[in-house]
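Peer 1: Let me begin by handing over the structure; questions about it come next.
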Amino acid sequence: MQWEVVIGLETHTQLKTNTKIFSGASTTYGAEPNTQACEVSIALPGVLPVLNKQAVECAIKFGLAIEAEIAPRSVFARKNYFYPDLPKGYQISQYELPVVGKGKLTIQVPASKNTEAYEKTINITRAHLEEDAGKSVHGAVEGMSGIDLNRAGTPLLEIVTEPDMRSAAEAVAYAKKLHELVQWIGICDGNMQEGSFRCDVNVSVRPKGSDKLGTRREIKNLNSFKFMQQAIEYETQWQIETLEDGGKIQQATVLFNPDTGETRAMRSKEEANDYRYFPDPDLLPLVIREEDKARVSALLPELPQALQTRFITDYQLSSYDASTLTSSKALADYFVATVNAGADAKQAANWVMGAFSAKLNAEDKLISESPLSAVQLAQLLKRIADNTISNNAAKQVFEALWAGEGEVDAIIEAKGLKQVSDTGAIEAIINEVLAQNQAMVEEFKAGKEKAFNALVGQCMKASKGKANPAQVNDLLKKKLLG
Amino acid sequence: MINHSLKQLGQMLASKQISSVELTQAFLKRITQHNPDINAYIALDETITMAQAQAADARIATGNIAPLTGIPFAQKDIFCAKGWKTTCGSKMLANFTAPYDAHVITQFDAVGAVNLGKTNMDEFAMGSSNETSYFGGVKNPWDFDRVPGGSSGGSAAAVAARLCAAATGTDTGGSIRQPASLCGFTGLKPTYGLVSRYGMIAFASSLDQAGPMAKSAEDCALMMNVMAGFDERDSTSLDRPKEDYARGLANMTGEQPLKGLRIGLPKEYFAEGLDAGVAKVVQDAIAEYKKLGATIVDISLPNTQLSIPVYYVLAPAEASSNLSRYDGVRYGYRTEEYDDLMDMYMKSRAEGFGAEVKRRILIGTYVLSAGYYDAYYLKAQQIRRLIAQDFTEAFKQCDVIMGPTAPSTAFKAGEKADDPVAMYLQDVYTIATNLAGLPGMSIPAGFSNGLPVGLQLMGNYFDEARMLDVAHAYQQVTDWHTRMPAGLE
């Protein structure tokens, strides 16, 4: 039987706010345990939550970015359960009325062995605001468990998709796209190691062609795309084998073990808590008016999808180039800055995606850490365009710029990389080369095209690479044919 | 001195006829003398109290005096007060010292008032007799065999026995007004949202409201001036301009100061279940109001009988969640020995909470459970809106509604302790205003068999100033509010 995997994602994105969602405590990561736990964070008797407007702004930004319905009125609810890292004994979340309703996100699924690259639109069911829990720390004190409430109350936006994905590749492409988007619009720092972006993946399988959903298992807390890919692949295979062996899938929450590459059930949903959701009487319904949306909309940067389209129309870039350059806001900004500083768009695209990105990768640097500014890169590209230097020489200048050896023109001067474009000088070189390579000239005249290229090479060599190759070509052709 | 009004005390302090230290010591002396019998206070700290009195005198010496500067108040033990044991009447918090101040405490501190101590209360404000307190019952100063009402029983007894100049209370279903009725003084539950709940230990968040418990309407007005006001730390706090709740009191003079006032009498508040002696006192008070110029309108609040069942779904639902934080993990009571986390939770909560609190947690957990939520919680919310609509309709015909505060006078300790439903019926006339978020008041209107009877006033939203005027007018021509229990002079 042919099987089809059905995947939906729930992503917890930590929102980039200065303070917690319902209190003024700081959200900075990595502080000493419980130093960022105010009376609200530790749920002292009598404390009350006050909604952080910055968190609401983040939710609106996200809603606008995925073209979602933003609820004019949404409601905070209490999700009741006991756990030591949940100080109030309930989590404030949104249940029946989330702030962000149905939206969509278009993903690019890269080519694989069997498929071409393709685009697909994933439907987003909802996104809601809620607070994060604290952390249990085991083993810090012998025989005891500690509770760190620094994270308790950190704002989260939980983003839930429809079960629209049909492969691990699609799920990962979605997660990456979402990861890129939330950073693009500035609502999440995207740091997966620190838990700022955590995915729960619901996986089920069904006979291909069936329109009935199989029983799902939820893989919890995946914090790397690689693990996500591995976990989904393993889980899918496990479910298929279980069904083919005549078994049944039990709805369950599973954890992925990166060491073994396996998923294992944590607890079955049958024993799951009854969370006894009800509207939180301490908080008023969240009201978002049209003018709130308009205000936030004005703060929103141009979105990747729009920018991609603009790159294609304004700069005549290929859709591949446009997509690559909009894979992060920093990259797109750098490209635009290079073009705005006078570089040719196509050339800028090639350099930004090519040498520049390669160098960043090699040195594991962020764009913000690049020693080479967009203005410098543009200056370099202008010197190629105006024939001051050749492409080859440009690579040397690029390295020197990266090493901080000064400005473009000074480097060209210092390294003597200026291209020779003086016709007289080039003719002199050609004459010399022709005189010394009579054999090649004969071969060319006998019809061997290759010999021409070899002669060009000799001329370039004689000029120590400084001759303008196009001019060498033209003049040599004239000489030999003329 | 112990019978002086807040205004009189303020004048004496301002004119230096008396110092705050002297006044505070006088009350502390009475507390030392009578509290062992009455058990109104459960936390006293002479060091803090006297330091506040000295600070108040220093402030008065500079001339920077506010109306309540230097006056000693009792604070219900539901308000967190920095450095004070704050127990909410529970074993669960018997060892809890608050590290911060509730908004109400901050407001009293800001005007230089003195905190005499924390008053006894039903555990987590759940009760109508103060008998659910972990720290023991409170005696009704009018008859030590009887309860003072609840949940603000300690504050009530402290006011009635003149163990403070006045006190604070909180009212979720009648916890200021019913004890005011049973102990014979004036208590006001303001419009929901008028006094910040920040730092006030939550029972049922959508119903809880703090208010003054004092000898007279005038005292209540002066306290409201301090207690009410927007607080951004409470999302349900109402952002309205400050008002002077005493502004109309001086106009309540002459023959018919209430001419034109329409008083609504809901027929449901005078039906079966109301003690005849109480009914008589209330009718006499209404007659007095007619003399003051008011006209009487017969009205109906048709959903009155639903308010108790609705309340006993909603309040426990919210309470079951509000009380989840008492888990033995971070503060408060934790059991001595336990095997694992679940065992620790279960034992700590089983040992830390009393029977009434557990009963309400069970009810609340049940009504919120999957499969029951719609039938109980949602239904109750719908009826709650109908109850509020009853009042909206009623206030089209009248300006203030009057009736009994409680169905009977103070009952004997132990009399209803084993019959929760009989106990719940104590709040039959007060709960509806909490459900609707409306202000309610109880003022002393006379006695039945030697025990005080309260008249309840219910007003429209934010109509506290008018209610205080109406109460004050009555207190200008009657002296019930000045009566004091025998043996405590």
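Peer 1: If you go through the range A:103-117 one residue at a time, do you hit one that is within 20 Å of A:Gln14 (Cβ to Cβ), among the charged types (D, E, K, R) and either more than 14 Å from chain B (Cβ to nearest Cβ) or part of a loop (DSSP other than H, G, I, E, B) (or both)?
Peer 2: No, the range A:103-117 contains no residue that is within 20 Å of A:Gln14 (Cβ to Cβ), among the charged types (D, E, K, R) and either more than 14 Å from chain B (Cβ to nearest Cβ) or part of a loop (DSSP other than H, G, I, E, B) (or both).
Peer 1: Quick one: would you say B:Gly364 is over 28 Å from the mean Cα position of the chain (by Cα), within 16 Å of A:Tyr90 (Cα to Cα), at pLDDT 95 or above and more than 8 Å from chain A (Cβ to nearest Cβ)?
Peer 2: Considered against the rule, which asks whether it is over 28 Å from the mean Cα position of the chain (by Cα), within 16 Å of A:Tyr90 (Cα to Cα), at pLDDT 95 or above and more than 8 Å from chain A (Cβ to nearest Cβ), B:Gly364 comes out as no.
Peer 1: Oh, and also: Search the range B:200-227 for residues being closer than 27 Å to B:Leu93 by Cβ and more than 14 Å from every other protein chain (Cβ to nearest Cβ), and hand back the single one that is surrounded by the most Cβ atoms within 10 Å (Cβ to Cβ).
Peer 2: The qualifying residue surrounded by the most Cβ atoms within 10 Å (Cβ to Cβ) is B:Met213.
Peer 1: May I ask you to list the residues in the range B:329-354 that are of a type in the set (A, V, I, L, M, F, W, C), part of a helix (DSSP H, G or I) and touching a helix residue (DSSP H, G or I) at 6+ places or on another chain (Cβ under 9 Å)?
Peer 2: B:Ala350 - this is the single residue of the range B:329-354 that is of a type in the set (A, V, I, L, M, F, W, C), part of a helix (DSSP H, G or I) and touching a helix residue (DSSP H, G or I) at 6+ places or on another chain (Cβ under 9 Å).
Peer 1: I'm trying to understand the selection: among the residues of the range B:235-261, which are closer than 26 Å to B:Gly193 by Cβ and either outside any loop (DSSP other than H, G, I, E, B) or of a type in the set (S, T, N, Q) (or both)?
Peer 2: Result: B:Ser235, B:Thr236, B:Ser237, B:Leu249.
Peer 1: Cβ-Cβ distance below 6 Å, separation of 6 or more or different chains: which pairs start in the range A:230-250 with a residue that is within 15 Å of A:Ala265 (Cα to Cα) and end on one that is assigned to a helix (DSSP H, G or I)?
Peer 2: Note: pairs meeting the criteria are A:Ile232/A:Ala168; A:Ile232/A:Ala171; A:Ile249/A:Gln239.
Peer 1: On to the next question. For the range B:86-113, which residues satisfy the criterion of being in contact with a Lys or Arg (Cβ under 7 Å, 6 or more places away or on another chain) and away from chain A (no Cβ under 12 Å)?
Peer 2: Selection gives B:Gly112 alone.
Peer 1: Please pick out the residue among A:Gly354, A:Gly342 that is surrounded by fewer than 18 Cβ atoms within 10 Å (Cβ to Cβ) and on the phi > 0 side of the Ramachandran plot.
Peer 2: A:Gly342
Peer 1: What are the pairs, 6+ residues apart or on separate chains, where a residue within the range B:114-129 that is assigned to a strand (DSSP E or B) has its Cβ under 8 Å from a residue that is surrounded by fewer than 24 Cβ atoms within 10 Å (Cβ to Cβ) and among the polar types (S, T, N, Q)?
Peer 2: Between residues of the range B:114-129 that are assigned to a strand (DSSP E or B) and residues that are surrounded by fewer than 24 Cβ atoms within 10 Å (Cβ to Cβ) and among the polar types (S, T, N, Q), the close pairs are B:Val114/B:Thr49; B:Val114/B:Gln52; B:Asn115/B:Thr49; B:Asn115/B:Gln52; B:Leu116/B:Thr49; B:Gly117/B:Thr49.
Peer 1: Among residues belonging to the range A:284-337 that are part of a loop (DSSP other than H, G, I, E, B), more than 18 Å from the chain's Cα centre (by Cα) and of a type outside the set (Val, Ile, Thr), point out the one that is farthest from A:Val352 (Cα to Cα). Lay out the reasoning, then the answer.
Peer 2: Of all residues in the range A:284-337, those part of a loop (DSSP other than H, G, I, E, B) come to A:284-285, A:288-289, A:300-303, A:316-318, A:326-328.
From the residues that got through so far, the ones that are more than 18 Å from the chain's Cα centre (by Cα) too are A:284-285, A:288-289, A:316-318.
Cutting the leftovers down to of a type outside the set (Val, Ile, Thr) gives us A:284-285, A:289, A:316-318.
Working: A:Leu284: 49, A:Pro285: 47, A:Arg289: 41, A:Gln316: 16, A:Leu317: 13, A:Ser318: 14 Å.
Across the range A:284-337, the extreme among qualifying residues is A:Leu284.
Peer 1: Just checking, does the range B:423-435 include any residue being in contact (Cβ under 8 Å) with a residue 12 or more places away in the chain, over 19 Å from the mean Cα position of the chain (by Cα) and not in a strand (DSSP E or B)?
Peer 2: Within the range B:423-435, none of the residues are in contact (Cβ under 8 Å) with a residue 12 or more places away in the chain, over 19 Å from the mean Cα position of the chain (by Cα) and not in a strand (DSSP E or B).
Peer 1: Looking at B:Thr168 and the list (1) within 28 Å of B:Asp479 (Cβ to Cβ); (2) more than 14 Å from chain A (Cβ to nearest Cβ); (3) polar (S, T, N, Q); (4) not in a loop (DSSP other than H, G, I, E, B), which single condition is not satisfied?
Peer 2: Tallying (1) within 28 Å of B:Asp479 (Cβ to Cβ); (2) more than 14 Å from chain A (Cβ to nearest Cβ); (3) polar (S, T, N, Q); (4) not in a loop (DSSP other than H, G, I, E, B), B:Thr168 fails exactly one: (2).
Peer 1: Can you tell me how many residues in the range A:83-102 are of a type in the set (S, T, N, Q) and either within 14 Å of chain B (Cβ to nearest Cβ) or within 21 Å of A:Ala175 (Cβ to Cβ) (or both)?
Peer 2: 2
Peer 1: Let me ask something else about it. Can you pull out every residue in the range A:53-76 that is within 13 Å of chain B (Cβ to nearest Cβ), outside any helix (DSSP H, G or I) and either in contact with a Cys (Cβ under 6 Å, 6 or more places away or on another chain) or surrounded by fewer than 23 Cβ atoms within 10 Å (Cβ to Cβ) (or both)?
Peer 2: Correct list: A:Val75 only.
Peer 1: Keeping to the range B:290-336, report how many residues are within 17 Å of B:Asn95 (Cα to Cα) and in contact (Cβ under 8 Å) with a residue 24 or more places away in the chain.
Peer 2: 6
Peer 1: Now, a different point. What do you reckon, is B:Leu265 among the aliphatic types (A, V, I, L, M), in a loop (DSSP other than H, G, I, E, B) and more than 12 Å from every other protein chain (Cβ to nearest Cβ)?
Peer 2: Spelling it out, it is not the case that B:Leu265 is among the aliphatic types (A, V, I, L, M), in a loop (DSSP other than H, G, I, E, B) and more than 12 Å from every other protein chain (Cβ to nearest Cβ).
Peer 1: Condition first: out of contact with any Pro (no Cβ under 8 Å at 6 or more places or on another chain), in contact (Cβ under 8 Å) with a residue 12 or more places away in the chain and buried (at least 19 other Cβ atoms within 10 Å of the Cβ). Can you find one or more residues in the range B:239-247 that meet it?
Peer 2: yes
Peer 1: Still on this model: Is it true that B:Gly260 is surrounded by fewer than 17 Cβ atoms within 10 Å (Cβ to Cβ), over 23 Å from B:Met423 (Cβ atoms) and away from every other protein chain (no Cβ under 14 Å)?
Peer 2: Spelling it out, B:Gly260 is indeed surrounded by fewer than 17 Cβ atoms within 10 Å (Cβ to Cβ), over 23 Å from B:Met423 (Cβ atoms) and away from every other protein chain (no Cβ under 14 Å).
The values are calculated or read from the model by the stated rules, or taken from the named source; none is laboratory data. None of the values given here were measured: they were computed from a predicted structure. Here the Cβ is made from the backbone with ideal geometry for all residues, glycine too, and neighbour counts use every protein chain on show.
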